[in-house]
Amino acid sequence: MTTSQSSAEVAGLLDRYLVGLDDDDLDDEWARGLFTGDAVVEFPMSRHEGLEGLAGYHADVLAKWERTQNLNSPAVVLVDGDRATFRANVMSTHVHRASTPPVDGEPPALFSTGTFVSGAARNTPDGWRICSLAFRLVWSSGTRPRPAG
């Protein structure tokens, strides 16, 4: 496999990850197809280590929203043998659930974020998989989710 093929496969992992979030297609098969067993996913507000429970972790976070839309820039991928690093920009729009109490009689505004996403991947016997994924918030706009309870 050439370096450019490996780069495309690694970049495709990020694309498939974000599409899975938006399509609400989060199960163990989704996680196994994207991540290594020792993967670490880190958001500004929480972190998850390992493949076990990874799909549920994402589903719990996304349950706050009616739906999401994640748009990413092309990933810059650097391949070094069976390891790779990548970096991209992501703009995410989160749509509040209709059950969210209105503020001053108006439904809540959208919550949007801009983040830098960086990560690492390894080439495993099953193909390239993400072993670390981290999101760093650059900006946010709109109504944040209300705390549970």
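The values are calculated or read from the model by the stated rules, or taken from the named source; none is laboratory data. Quantities reported herein were computed from a predicted structural model and do not represent experimental measurements. Cβ: placed from backbone, ideal geometry, glycine included. Neighbour counts: every protein chain shown.
Numbers for the structure displayed
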item	result
Region 50-86, subset over 14 Å from the mean Cα position of the chain (by Cα) and acidic (Asp, Glu), residue farthest from Thr3 (Cα to Cα)	Glu66
Residue among Asp15, Asp22 that is under 14 Å from Ile130 (Cα atoms), acidic (Asp, Glu) and part of a helix (DSSP H, G or I)	Asp15
Hits in region 116-125 - residues which are touching a residue at least 60 places away in the same chain (Cβ under 8 Å) and over 9 Å from Thr36 (Cα atoms)	Val117, Gly119, Asn123
Criterion violated by Arg144 - all others in (1) modelled with pLDDT of 95 or more; (2) surrounded by fewer than 16 Cβ atoms within 10 Å (Cβ to Cβ); (3) of a type in the set (Lys, Arg) satisfied	(1)
Checking Asp38 against (1) at pLDDT below 95; (2) assigned to a strand (DSSP E or B); (3) among the acidic types (Asp, Glu), the condition it does not meet	(1)
Residue ranges of strands (runs of 3 or more DSSP E) in region 51-98 with at least 1 members within 14 Å of Thr115 (Cα to Cα) and modelled with pLDDT of 95 or more	65-72, 83-96
Of residues in region 20-48 being free of Cβ contacts under 8 Å to residues at least 12 places away in the same chain and farther than 15 Å from Gly127 by Cβ, the one surrounded by the fewest Cβ atoms within 10 Å (Cβ to Cβ)	Met45
